[in-house]
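Asker: Sharing a structure here in structure tokens format.
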Amino acid sequence: MSEHKIELTVNGRHHRGTVEGRHTLGDWLRGQAGYTGVHIGCEHGVCGACTVMVDGRAVRSCLMLAVQADGCTVTTVEGLADPDGTLHPVQQALKDCHGLQCGFCTPGIVCTLAALTADGAQPGEEKLTAAMSGHICRCTGYQGIRRAIRQIAGTDTSAAQGAAHAEQGA
Amino acid sequence: MNAPDRSGGIGANRFIGQRVPRKEDARLLTGKGTYVDDVVMPGMLHVAFVRSPIARGRILSIDTSIARDQPGVHAIVTQDDLARFNVTMLSFFIGPVEVAMTPLADGRVAYVGHPVVMVVADDRYLAEDAASLVVVDYAEEDAVVSIEDARHGPAVHPDTDDNVAAMMGEDEEDAEFEALLASGAHLVTQTVHHQRISQSPMETRGVVAALQGDEELLVHITCAGPHLVARWLTVALGNPKMNIRVVAKDVGGSFGLKNHPWLEEVSAILGAMLLRRPLKWIEDRIENLTASNQAREQEIILRAAFDADGKLLASHADYSLNNGAYPMGADANIAVHMFMWSAYNIPAYSFVSRGYYTNTAGLAAYRGPWAIETLVRETLMDAAARQIGIDPIEIRRRNLCTAAHQPSVTSLGIPREDITPAECLEKLLETVDVAAFRREQAEARKEGRYLGIGFAAYIEPTGAAGSIGVMTGELAQVRVDPTGKVVAIMNVHSQGHGTQTTMAQCIAEQLGVPLADVTIFDGDSSRGGFGPGAGGSRQGVIGGGAAIRAGRLLADKIKTVAAHLLNANPENISIEDGMIRVAGAPEMTRSLREIAEIAYGEPSRLPPGMETGLEAQIRYDPPAMTFTSAAHAAIVEVDAETGFVKIRRWVSSEDCGVMINPAVVEGQIAGGLAQGIGSVLLEEAGYDARGNPIAATFKDYMLPTIFDVPDFEYVHANTPSKAEGGFRGVGEGGCIIGPPTLVNAIADALAPFGEVAVDLPLTPSKLLAVIDGTPLPPKPMSRFHPEWVNPYADTAAATKTDGPVEEVPAGATLLPGGTHAALAETAARGIDGAWNLTLATPMGPQPMTATFATEGSIVRGRLESNEGAQEFEGTVEDNQVKWSMKVTKPMPITLKYDLTFDGDTVTGKCKMGMFGTAKVKGQRV
Ligand code: FES
Ligand code: FES
């Protein structure tokens, strides 16, 4: 088994470690660095739950080896909110729009949307929705996620209230 | 009935009915949840399983020598090591399972993925390395895979005579009922083949177990309810001399899979006891898709007779369910029949229902386990509409149970007092302009575009307690801490349902405190009262009711204490926004904290005799059944070139009573609908003929993505239920009503081409076959069918061994010689005495002891079970005994036994009133 020394920045903190060549970034972030917000849903690159940001890009941490992240800057879902607890706009939108239930798929979705909207980028509803094709959510039926995307993209100011309500008393 | 007015004048303290954001979200959105894989213990080791690569066979040898020597390996565990714990595997009903079953395979394997050896190592990588080096030798046998295989093939389990795991209903054709069916102007038959579904929660199964000295076993497990798991483990382990504490904070979805532990979790827990080290097992996705229990593989043929006006006269269902090798309780799914026509008016219904053992992953629950009743019935109603030539809405209007038909009781004993499926349908039609759609559809067809609209209606039992032993009421414990903050302990246990918000809404409203000040704790069997957790759409109805009652009780105490301290009349005290006010005396306003500090710390200032503190608890048991009603419509376009289905619109019109949080209600409906869409179009956990799973990753098991699910529209009716708070459950409905709504829309779109067989999933190739008029090849015949011919045989002779079974000449089994009287005497001697019997009830096998004493053609006896003992008298003919007896528990019915004795064994059946017939078997004591 090959051992490798790695050094990387995770959520603004410097990390140094020794990893086996075969250890995935996801397992390293969870097991060695303690970022358990990184969720492993399939380990074969389909569900998107394990998505983190590596040098600003959304990456599936189950398909990347820890050794490949040597020298990189990684942001996990733990690294997005302000230290005072103010949520990242993507997190806030998902909260406002009931975009999660069990929350297992959520960290990956947050990271993908955060990567696409980083540095003031305004990718628009279509592109953000297209990016969701790489994420599986078994709970929500994607309704709140779609509303959150509209809120992030600014395409629907009433997004938080839901798409179409015809609420009536009996 | 009027819904409470939640629309206007909502004060700061009105929370029920509000679309408030969820309290759990900030934690989950920042990666601060605690799921089972996030639990780490000092000295913890990791588990990987060696699983059977074959569906059926004998284990010849297990060689662990190489694996044992691998670096980081601590133990290689087989069933021989676990046998000392003498575990009894239990069903969901906490009764022993029907067949011999051990945590790790014991000499035989019964499905691909069956765990055979457990490897324990320093980390999961090393455990998997070692697992791959365990050598197991098998003698493979022909696997029984499909329901059809089970009907004709050899018994899956050595300890059963056939593959019928459970049977209910009338197994013999009833000429009278057939005549009734034939008497209508129209007889409509609908067949549904439902594929196998993997519940696929995004968080797979997992457990971390550790002994805490000898007095406590601590189990962190992702589950639907920690108390239920603790109960299950305590009974399964034979009431060990230790407390079993089960903890589960955040759970990443369950959908029926995580009701209680199964082979792997039990093995890991026993491993932790054996090695006296904390052990962790986290299922990977391949294990989850191939070896976790699954659901829904079933077939049903529903027939319904209609009169000339399209009114229902009678109906019959023949239903079969694949139970796999080790179901979490052998199951004929009686609920399918209980609810088949519960939303409709129909004079007569009869059924036969069978569950079959096969060499596949076992059966577990899945959201709305009985859902096929709505699928087959609602697709039948549309087929009937086409066959009879009336509109699909009109045929429902003529048959649905409306307010005018209530109260009433269905032929299967379902009481209907306040169901509203017909009203939901009318509300739906106010939102969906069907006439405009029909015009659009006609125009589109001229262009070769195929649009369709589908409708479905149903009712759903929710929040049941008291009728099934394990589904109980719920306790809410609420306190105002001396800090003024409110803490409640409950056990409704969110799997993503948001109960930390909805229960807080119920309590905050009663107490008059800000929502932010209320915290709900659940997920620990060492706290709170007993509750089974999530399941049966029970959280809102039962937990909500308990939360309201406990909150009210505590609010009353606060008012009494405050009135005493402030010298005011309790009637004049109000609590708003955490402040205690006296009407007309604003200067007397106090914070809840001030009152709480006194209530705990200064007993002398309390009313005489009052218990200190601000704490209350109450247990709530709701009415036996609370029904939710709904009608849905979907509009689709089917691409005639590709067979792809595009869902263009979907409207849900449901009546789940008073809503605690409409956003949570809609989230539940949407999630269920998405799963329904997956069942109809995408998902299939199938097997090949040899029993190999064909969907092992999310690339083969296709879950719906954001592009497969449309934006849903919601119409809410809010008829308050009789439960506290007026709530009705809403957890499963979308998954029940979604499939027929979509299938009907697709069938409507393709009506110009002919009927669409409901053989799920409706893949593009199946729909193209309808469009092109080229029927798909029939399903291959079971290799165990008497007429099966082996297509791979070299010569005709080679097929001989698999050929038809030779006919036994009639009469060959008759006893030679002897008079009738002599035979009767022999038979009587073979009957008299004590027998152990097992009655296969819908809630699992019920053990009984019977004693018989025959006298000529009369038999007298006594039957004893844990429901009590009763004497009976009946008749004997040869070796056959028949008697009837009335019982009152669990409900008043007449049981008619018909048993045949043969040497030291007895087999037969028991007719159980409206529940049909159940199997009986037994041995001489
Ligand atoms: S765990 Fe990485 S994509 Fe599923
Ligand atoms: S919220 Fe549960 S999987 Fe998305």
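Asker: Could you check residue A:136 against (1) within 15 Å of ligand 2 (Cβ to nearest atom); (2) more than 10 Å from chain B (Cβ to nearest Cβ) and say which number it fails?
Answerer: (2)
Asker: Then there is this: Please work out which one of (1) at pLDDT below 95; (2) surrounded by fewer than 19 Cβ atoms within 10 Å (Cβ to Cβ); (3) facing another protein chain (nearest Cβ under 8 Å) is the condition residue A:162 fails and give its number.
Answerer: (2)
Asker: For residues that are within 13 Å of chain A (Cβ to nearest Cβ) and hydrophobic (A, V, I, L, M, F, W, C), scanning just the stretch B:634-658, find the one that is surrounded by the most Cβ atoms within 10 Å (Cβ to Cβ).
Answerer: B:656
Asker: Kindly indicate whether any position in the stretch A:29-36 is touching a residue at least 40 places away in the same chain (Cβ under 8 Å), within 16 Å of ligand 2 (Cβ to nearest atom) and touching a Ser or Thr at 6+ places or on another chain (Cβ under 9 Å).
Answerer: No: zero hits.
Asker: Can you tell me which of (1) away from chain B (no Cβ under 11 Å); (2) more than 16 Å from ligand 2 (Cβ to nearest atom) is the one residue A:51 doesn't meet?
Answerer: Residue A:51 satisfies every listed condition except (2).
Asker: On the phi > 0 side of the Ramachandran plot and either at the interface with chain B (Cβ under 7 Å from one of its Cβ atoms) or within 16 Å of ligand 2 (Cβ to nearest atom) (or both): does that describe residue A:43? Write out each step before concluding.
Answerer: Working: on the phi > 0 side of the Ramachandran plot: yes; either at the interface with chain B (Cβ under 7 Å from one of its Cβ atoms) or within 16 Å of ligand 2 (Cβ to nearest atom) (or both): yes.
Answer is yes for this residue.
Asker: Only one of these conditions is not met by residue B:714: (1) in contact with an Asp or Glu (Cβ under 6 Å, 6 or more places away or on another chain); (2) of a type in the set (Ser, Thr, Tyr); (3) more than 14 Å from chain A (Cβ to nearest Cβ). Which number is it?
Answerer: (3)
Asker: Output the qualifying pairs, or none if there are none: Cβ atoms under 6 angstrom, residues six or more apart or on different chains, first residue in the stretch B:683-700 and closer than 27 Å to residue A:134 by Cα and within 16 Å of ligand 1 (Cβ to nearest atom), second residue of a type outside the set (A, V, I, L, M, F, W, C) and not in a loop (DSSP other than H, G, I, E, B).
Answerer: Final answer for the pair search is B:696/B:290.
Asker: Report whether or not residue A:48 is in contact (Cβ under 8 Å) with a residue 60 or more places away in the chain and within 10 Å of ligand 1 (Cβ to nearest atom).
Answerer: yes
Asker: Go through (1) in the same structural domain as residue B:424 (by TED's automatic domain parsing); (2) assigned to a helix (DSSP H, G or I); (3) of a type outside the set (Lys, Arg) and name the single condition residue B:629 misses.
Answerer: (2)
Asker: So, one more: Give me the residue from the stretch A:84-108 that is β-branched (Val, Ile, Thr) and more than 10 Å from ligand 2 (Cβ to nearest atom) and, out of that set, nearest to the other protein chains (Cβ to nearest Cβ).
Answerer: A:90
Asker: For a quick check of your reading of the model, give me the residue pairs whose first member lies in the stretch B:621-633 and is over 21 Å from residue B:435 (Cα atoms), whose second is of a type in the set (Asp, Glu), with beta-carbon atoms closer than 6 Å and at least 6 apart or on different chains.
Answerer: Taking only residues 6 or more apart or on different chains, the pairs are B:628/B:460; B:629/B:655; B:630/B:654.
Asker: The conditions are (1) over 18 Å from residue B:285 (Cβ atoms); (2) touching a residue at least 60 places away in the same chain (Cβ under 8 Å); (3) within 16 Å of ligand 2 (Cβ to nearest atom), and residue A:77 fails exactly one of them. Which is it?
Answerer: Going through the list (1) over 18 Å from residue B:285 (Cβ atoms); (2) touching a residue at least 60 places away in the same chain (Cβ under 8 Å); (3) within 16 Å of ligand 2 (Cβ to nearest atom), residue A:77 breaks only (2).
Asker: Does at least one position in the stretch B:659-671 carry a residue that is out of contact with any His (no Cβ under 9 Å at 6 or more places or on another chain) and either away from chain A (no Cβ under 11 Å) or more than 19 Å from residue A:144 (Cβ to Cβ) (or both)?
Answerer: Checking the stretch B:659-671: at least one residue is out of contact with any His (no Cβ under 9 Å at 6 or more places or on another chain) and either away from chain A (no Cβ under 11 Å) or more than 19 Å from residue A:144 (Cβ to Cβ) (or both).
Asker: Here is a follow-up. (1) within 15 Å of ligand 1 (Cβ to nearest atom); (2) closer than 24 Å to residue B:495 by Cβ; (3) more than 12 Å from the chain's Cα centre (by Cα): which one isn't true of residue A:132, the others all being true?
Answerer: Of the numbered conditions (1) within 15 Å of ligand 1 (Cβ to nearest atom); (2) closer than 24 Å to residue B:495 by Cβ; (3) more than 12 Å from the chain's Cα centre (by Cα), the odd one out for residue A:132 is (3).
Asker: If residue A:121 satisfies every condition in (1) more than 22 Å from residue B:251 (Cα to Cα); (2) out of contact with any Ser or Thr (no Cβ under 8 Å at 6 or more places or on another chain); (3) in contact (Cβ under 8 Å) with a residue 24 or more places away in the chain but one, which is the exception?
Answerer: (3)
Asker: Turning to a different aspect of this structure: Can you name the residue in the stretch A:54-83 that is more than 16 Å from ligand 1 (Cβ to nearest atom) and at the interface with chain B (Cβ under 10 Å from one of its Cβ atoms) and, of all such residues, is farthest from the chain's Cα centre (by Cα)?
Answerer: By that ranking, first place goes to A:81.
The values are calculated or read from the model by the stated rules, or taken from the named source; none is laboratory data. Quick caveat, the model's predicted, so the values are computed rather than measured. Please note: Cβ atoms are built from the backbone with ideal geometry, for glycine as well, and neighbour counts cover all protein chains shown.
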